[in-house]
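Below: the structure, in structure tokens.
The values are calculated or read from the model by the stated rules, or taken from the named source; none is laboratory data. Just so we're clear, the structure is a prediction, and the values are computed from it rather than from any experiment. Because the Cβ atoms are built from the backbone with ideal geometry, glycine has one as well, and the counts that use them run over all protein chains shown. Only protein heavy atoms, including side chains, enter the accessible area calculation; ligands, DNA and RNA are left aside. Shrake-Rupley method; radii C 1.70, N 1.55, O 1.52, S 1.80 Å.
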Amino acid sequence: MWGGWARQLGDRLDDVIRRPVSPDIYTTIGFDPTTGRVAPGGLLATGTMAGIEETVARVLRRWCPSIAAARRATAAAWLVPDPAALSVPLGDLPSLFRRLHTDGRRIAVITTDDRAPTDATLRALGVRDWVEAIVCGDDGFGVKPAPDAVIAVCHAFRTEPPRVAVVGDTPADMAMAREAGVGLLIGVRNGIGSEEDLATADVVVDSVDALLD
């Protein structure tokens, strides 16, 4: 999803500025357009939408005559991700979420993305009905790798971190979970993180489908 969005943003910025600014943007936010890979520790993987937008405007300042011009160009090119068009499920997510819910587990989603596109993404993937809590980058909590979002979920569910399992694929996910003191940390290989990025996980699985094994 995020690689496709980054390409769209880069193309739009090139059109607005009328110069090839996209390589500069990709390098700064952590996206490789050749491979389509998102850097696990980069801004695209761990930053909020507001933070990414601010960074893009800062990069464009190198190409624009003023800060105001850079902000105008960013606003003109900016687009909200379209989850229905860009998100690709890496497994049978509706069956997974339904089974976890049926087995008595409560599900929350923690993301640095904004709330509106997160909600739309979960609906596009057919899993929104099984998600009881969502903590997003524009909710006002400290973002990953800070533990604040996990603590917020614990408060919502009236439980404690040792009774919580976190499933993630980035170094920020790992650090957030460890700092919060969760009872189980599960790394997923088919996300954007490398084996090294997931080294602090208690368990590493090939895909989220393995959660049902």
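Hey, which of the helices (runs of 4 or more DSSP H) in segment 1-72, taking only ones fully inside, have at least 2 residues that are within 23 Å of residue 122 (Cβ to Cβ) and not polar (S, T, N, Q)?
2-17, 43-46, 49-60
Just the residues that are at pLDDT 90 or above, surrounded by 15 or more Cβ atoms within 10 Å (Cβ to Cβ) and not polar (S, T, N, Q), please, taken from segment 70-91.
Selection gives 70, 71, 72, 73, 77, 78.
Restricting to segment 23-32, name every residue that is on the phi < 0 side of the Ramachandran plot and open to solvent by less than 50 Å² (accessible area, probe 1.4 Å).
Selection gives 24, 25, 26, 29, 31.
Going through segment 168-213 one residue at a time, which ones are among the charged types (D, E, K, R), within 23 Å of residue 103 (Cβ to Cβ) and open to solvent by less than 50 Å² (accessible area, probe 1.4 Å)?
169, 173
Could you check, for segment 131-148, whether at least one of its residues is of a type in the set (Lys, Arg), open to solvent by 20 Å² or more (accessible area, probe 1.4 Å) and touching a helix residue (DSSP H, G or I) at 6+ places or on another chain (Cβ under 7 Å)?
Scanning segment 131-148 turns up at least one residue that is of a type in the set (Lys, Arg), open to solvent by 20 Å² or more (accessible area, probe 1.4 Å) and touching a helix residue (DSSP H, G or I) at 6+ places or on another chain (Cβ under 7 Å).
Need at least 3 residues that are within 21 Å of residue 45 (Cα to Cα) per element, so show me which strands (runs of 3 or more DSSP E) inside segment 145-213 make the cut, counting only ones lying wholly within it.
165-168, 184-188
Condition first: open to solvent by 30 Å² or more (accessible area, probe 1.4 Å) and at pLDDT below 95. Now tell me which residues in segment 112-128 satisfy that.
114, 115, 116, 119, 120, 123, 124, 125, 126
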